[in-house]
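A.B. asks: If you scroll down you'll find the structure; I have some questions about it.
The values are calculated or read from the model by the stated rules, or taken from the named source; none is laboratory data. Nothing here was measured: the structure is a model prediction, and the numbers come from that model. Neighbour counts run over all protein chains shown; Cβ positions are idealised from the backbone, glycine included.
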Amino acid sequence: MLTFAGLYGLMALGLNLVWGMTGLINLGLAGFFATGAYASALVTVKLGLPIAVGLVAAALFAAAAGAVMALTTRNLRGDYLAIVTLGFSEVVRLVASNEIWLTQGTDGISGIPGPWRGRVTPETFNLIYLGIVAVFVAAALWLLERVRRSPYGRVLRAIRDDDQVAAVAGKRVIAFKVEAFALSAGVVGTAGALYGHYTSYIAPDAFAPLITIYVVLALTAGGTGDNRGAVLGALLVVFFMESTRFVTGWLPGLRPVQVAAVREFLIGISLIVVLRWRPAGLVPERIPRPPA
Amino acid sequence: MPALLAVRGLARSFYGVCALDGVDLTVERGTITGLIGPNGAGKTTLFHCVSGLLPPEAGTVVFDGEDVTGWRADRITRRGLVRTFQIARGFPRLSVRENLMLYGADQPGERLAAAVARGAAARRREAELSERAVAIAKRLNLTRVLDAAASDVSTGQKKLLELGRALMTDPKLVLLDEPIAGVNPTLAAEIVEHLAALRRDGITFLVIEHHLDVIARLCAPVVVMADGRRLAEGRFAEIAADERVQAAYMGRRAWRS
């Protein structure tokens, strides 16, 4: 479960870069997640290349998709950008369902290799994988926090507040938006690849828009703009998702469908409670300290 | 020497509403040129078109001997022409210091790879910009609020910050959109002093303002716009005596200054 929390954390970090720092809403996370998962799965299963190559391919492929997305939506903001990016993630899912020659359609791709899978017990594999994901989360956190505190991050945060004034400040706004979108998509795509190598099986219905919604919730609860908040929020959301599983077990006389609905309900309430008391999230964004 | 800024026949409309209808405007080096006119005359649209935020539909903008018509705003700023905003727009979630430093040009740390590497060049430039920001803040009396979020400072301080950000770009020409609107008379006088001093330092200004007493004291020449065109130009006393200007802007009653 912590592994999934880590994957959500990676995605929340990716979203924080583009939404929390640059102010561009991206509801296409599930699409970039799927892009990365399929890229890595195809590279390792069909081409038989090592997992590391798959991860790099996933990051690059998702980043390229992010750059194309940023360029095609260059004049969109707010609600319009949200809808187009959401549409993108559905397009990815539909392409994965229908381009059977490449993705094996709704059958999905199975037998995706995982590091040391089969050579160690499943428990050990889970532990190893948790460690790998933790390293990725830590690396992404370090990298993105460094970006946030740099002059580059300052420009991104300026674009978030007012992109016209940022242009007058002498910044080539579109270039920053495209880079931020690409880097963000690359991080989310890496999370997707890690997901595939963990579960060994991916299919289009694993990439429903609900993933995006959970990540957005995670970042909102953790604190938009703050990288540590993104990771904390992801832990929190996964904790809610799992703990509600136990809570609903105590409720008598519910059919499974109703149990699922009650879980969503409880997750929603928990987040409302968090945001009632911490409207800026658990870790509110703070202005980086000036250089000494 | 040719004029620092020469605008010829600039036109721009919004969905059929003609905001600029062939404006001609010249700003000579070393002046504080005033730009006045009734609301809706097209003054701010003119600023948008000159600073590159809106592409004009016709006409040319020549700045410092170079045709900059239709350039992107960031290029125009780097060329030495920077504008400020009417309602103190800016970056509320950045500190005052960051607001200033952001306007500094040539920061290698604004490239992604360099930002992650945190190289020596970026750190050196950051130190320079920081020093410059501190100096400008000191000059504009913003030192106390340097590390406050820009959303938390007073309206007057926002106006000063607006000016300070423009100065960070090391400009030749600054377009000021109502620099003293809504500030108290003491601070307004202070801002006027700053502008006069900066002009002596070699910066040219084009100022939109509705406080005519300030325009009279500070600006020469004064350009009057109405209905998207230049109506008149001259020293303030001449302008004020012009009947067309009185009709368009000041009302029918005879103007007495």
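A.B. asks: Identify the single condition in (1) away from chain B (no Cβ under 12 Å); (2) touching a residue at least 60 places away in the same chain (Cβ under 8 Å); (3) closer than 24 Å to A:V91 by Cα that A:Y198 does not satisfy, given that it satisfies every other one.
C.D. replies: A:Y198 satisfies all of (1) away from chain B (no Cβ under 12 Å); (2) touching a residue at least 60 places away in the same chain (Cβ under 8 Å); (3) closer than 24 Å to A:V91 by Cα except (3).
Conditions tested, residue by residue: (1) modelled with pLDDT of 95 or more; (2) under 17 Å from A:L210 (Cα atoms).
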| site | (1), (2) |
| --- | --- |
| A:A34 | yes, yes |
| A:A41 | yes, no |
| A:K46 | no, no |
| A:A64 | yes, no |
| A:A67 | yes, no |
| A:L76 | no, no |
| A:D79 | no, no |
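A.B. asks: Where in segment B:192-242 are there strands (runs of 3 or more DSSP E), lying fully within it, with 2 or more residues that are over 15 Å from the mean Cα position of the chain (by Cα) and buried (at least 18 other Cβ atoms within 10 Å of the Cβ)? Working first, answer last.
C.D. replies: Values: elements: B:204-208, B:222-226, B:229-234.
Hits in segment B:192-242: B:222-226, B:229-234.
A.B. asks: Which one is surrounded by the fewest Cβ atoms within 10 Å (Cβ to Cβ) among residues in segment A:229-256 that are touching a Leu at 6+ places or on another chain (Cβ under 6 Å), closer than 20 Å to A:L210 by Cβ and among the aliphatic types (A, V, I, L, M)?
C.D. replies: For segment A:229-256, the residue satisfying everything is A:V237.
A.B. asks: Tell me, yes or no, whether segment A:275-287 has at least one residue that is away from every other protein chain (no Cβ under 14 Å), small (G, A, S) and at negative phi.
C.D. replies: No, there is no match, as no residue in segment A:275-287 is away from every other protein chain (no Cβ under 14 Å), small (G, A, S) and at negative phi.
A.B. asks: Let me confirm something: among B:V116, B:V17, B:V61, which residue is surrounded by 24 or more Cβ atoms within 10 Å (Cβ to Cβ) and of a type in the set (A, V, I, L, M)?
C.D. replies: Working: B:V116 fails: surrounded by 24 or more Cβ atoms within 10 Å (Cβ to Cβ); B:V17 fails: surrounded by 24 or more Cβ atoms within 10 Å (Cβ to Cβ).
Selected residue: B:V61, the only one of B:V116, B:V17, B:V61 that is surrounded by 24 or more Cβ atoms within 10 Å (Cβ to Cβ) and of a type in the set (A, V, I, L, M).
A.B. asks: Also, I was wondering about something else. If you take the residues in segment B:65-77 that are buried (at least 18 other Cβ atoms within 10 Å of the Cβ) and either charged (D, E, K, R) or more than 10 Å from every other protein chain (Cβ to nearest Cβ) (or both), which one is nearest to the chain's Cα centre (by Cα)?
C.D. replies: Across segment B:65-77, the extreme among qualifying residues is B:D74.
A.B. asks: In addition: Inside segment B:79-114, can you point out the residues that are assigned to a helix (DSSP H, G or I), among the basic types (K, R) and either in contact (Cβ under 8 Å) with a residue 60 or more places away in the chain or closer than 26 Å to B:S154 by Cα (or both)?
C.D. replies: First, the residues of segment B:79-114 that are assigned to a helix (DSSP H, G or I): B:79, B:96-102, B:108-110, B:112-114.
Then keep just the ones that are among the basic types (K, R); that gives B:79, B:97.
Within segment B:79-114, B:R97 is the sole residue that qualifies.
A.B. asks: Is there a residue being surrounded by fewer than 18 Cβ atoms within 10 Å (Cβ to Cβ), over 21 Å from B:G104 (Cα atoms) and without any contact (Cβ under 8 Å) to a residue 60 or more places away in the chain anywhere in segment A:142-164?
C.D. replies: Yes, there is a match, as at least one residue in segment A:142-164 is surrounded by fewer than 18 Cβ atoms within 10 Å (Cβ to Cβ), over 21 Å from B:G104 (Cα atoms) and without any contact (Cβ under 8 Å) to a residue 60 or more places away in the chain.
A.B. asks: Among the residues of segment A:246-280, which ones are within 17 Å of A:L219 (Cα to Cα) and part of a helix (DSSP H, G or I)? Walk me through how you get there before you give the answer.
C.D. replies: Residues of segment A:246-280 within 17 Å of A:L219 (Cα to Cα): A:267-280.
Scanning segment A:246-280 gives A:I267, A:G268, A:I269, A:S270, A:L271, A:I272, A:V273, A:V274, A:L275, A:R276, A:W277.
A.B. asks: Evaluate segment B:148-158: report whether one residue or more is among the acidic types (D, E) and either surrounded by 14 or more Cβ atoms within 10 Å (Cβ to Cβ) or touching a residue at least 24 places away in the same chain (Cβ under 8 Å) (or both).
C.D. replies: No, that holds for no residue.
A.B. asks: Output the helices (runs of 4 or more DSSP H) that fall wholly within segment A:1-85 and possess 2 or more residues being of a type in the set (V, I, T), crowded, with 17+ Cβ neighbours inside 10 Å and touching a residue at least 24 places away in the same chain (Cβ under 8 Å), or say none.
C.D. replies: Details: elements: A:2-15, A:29-45, A:51-72.
Counting at least 2 such residues, we get A:29-45.
A.B. asks: Condition test on A:A139, is it among the small types (G, A, S) and buried (at least 23 other Cβ atoms within 10 Å of the Cβ)?
C.D. replies: Details: among the small types (G, A, S): yes; buried (at least 23 other Cβ atoms within 10 Å of the Cβ): no.
For A:A139, the condition - among the small types (G, A, S) and buried (at least 23 other Cβ atoms within 10 Å of the Cβ) - is not met.
A.B. asks: Within segment A:88-99, does at least one residue satisfy the condition of being hydroxyl-bearing (S, T, Y) and in contact (Cβ under 8 Å) with a residue 40 or more places away in the chain?
C.D. replies: Residues of segment A:88-99 that are hydroxyl-bearing (S, T, Y), as a first pass: A:89, A:97.
Imposing the further condition that a residue be in contact (Cβ under 8 Å) with a residue 40 or more places away in the chain reduces the set to A:89, A:97.
Scanning segment A:88-99, I find at least one residue that is hydroxyl-bearing (S, T, Y) and in contact (Cβ under 8 Å) with a residue 40 or more places away in the chain, so the answer is yes.
A.B. asks: Quick check, is A:F240 over 27 Å from A:W142 (Cα atoms) and of a type in the set (F, W, Y)? Spell out how you get there, then give the answer.
C.D. replies: Details: over 27 Å from A:W142 (Cα atoms): no; of a type in the set (F, W, Y): yes.
For A:F240, the condition - over 27 Å from A:W142 (Cα atoms) and of a type in the set (F, W, Y) - is not met.
A.B. asks: Among the residues of segment B:96-127, what is the count of those that are within 21 Å of the chain's Cα centre (by Cα), within 8 Å of chain A (Cβ to nearest Cβ) and more than 14 Å from A:G170 (Cβ to Cβ)?
C.D. replies: Total meeting the criteria: 2.
A.B. asks: Count, please, the residues in segment A:183-201 that happen to be over 18 Å from A:R77 (Cβ atoms), touching a helix residue (DSSP H, G or I) at 6+ places or on another chain (Cβ under 6 Å) and either hydroxyl-bearing (S, T, Y) or not in a helix (DSSP H, G or I) (or both).
C.D. replies: Number satisfying all stated conditions: 3.
A.B. asks: Could I ask something else about it? Would you mind stating whether A:G223 is in contact with a Gly (Cβ under 7 Å, 6 or more places away or on another chain) and modelled with pLDDT of 95 or more?
C.D. replies: Criteria not met by A:G223.
A.B. asks: Next question. Limited to segment B:47-64, what total is found for residues that are within 14 Å of chain A (Cβ to nearest Cβ) and outside any loop (DSSP other than H, G, I, E, B)? Don't jump to the end; show me each part of the working.
C.D. replies: If we filter segment B:47-64 for residues that are within 14 Å of chain A (Cβ to nearest Cβ), which is where we start, we get B:47-55.
Next, from what is left, pick out any that are outside any loop (DSSP other than H, G, I, E, B): B:47-51.
Qualifying residue count for the region: 5.
A.B. asks: Okay, next question. Let me confirm something: among A:G111, A:G48, A:G78, which residue is touching a helix residue (DSSP H, G or I) at 6+ places or on another chain (Cβ under 8 Å) and not aliphatic (A, V, I, L, M)?
C.D. replies: Details: A:G48 fails: touching a helix residue (DSSP H, G or I) at 6+ places or on another chain (Cβ under 8 Å); A:G78 fails: touching a helix residue (DSSP H, G or I) at 6+ places or on another chain (Cβ under 8 Å).
Answer to the check: A:G111.
To keep it simple, each residue is scored yes or no on (1) under 23 Å from A:D162 (Cβ atoms); (2) among the acidic types (D, E).
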| site | (1), (2) |
| --- | --- |
| A:T44 | no, no |
| A:V68 | no, no |
| A:V84 | yes, no |
| A:E90 | no, yes |
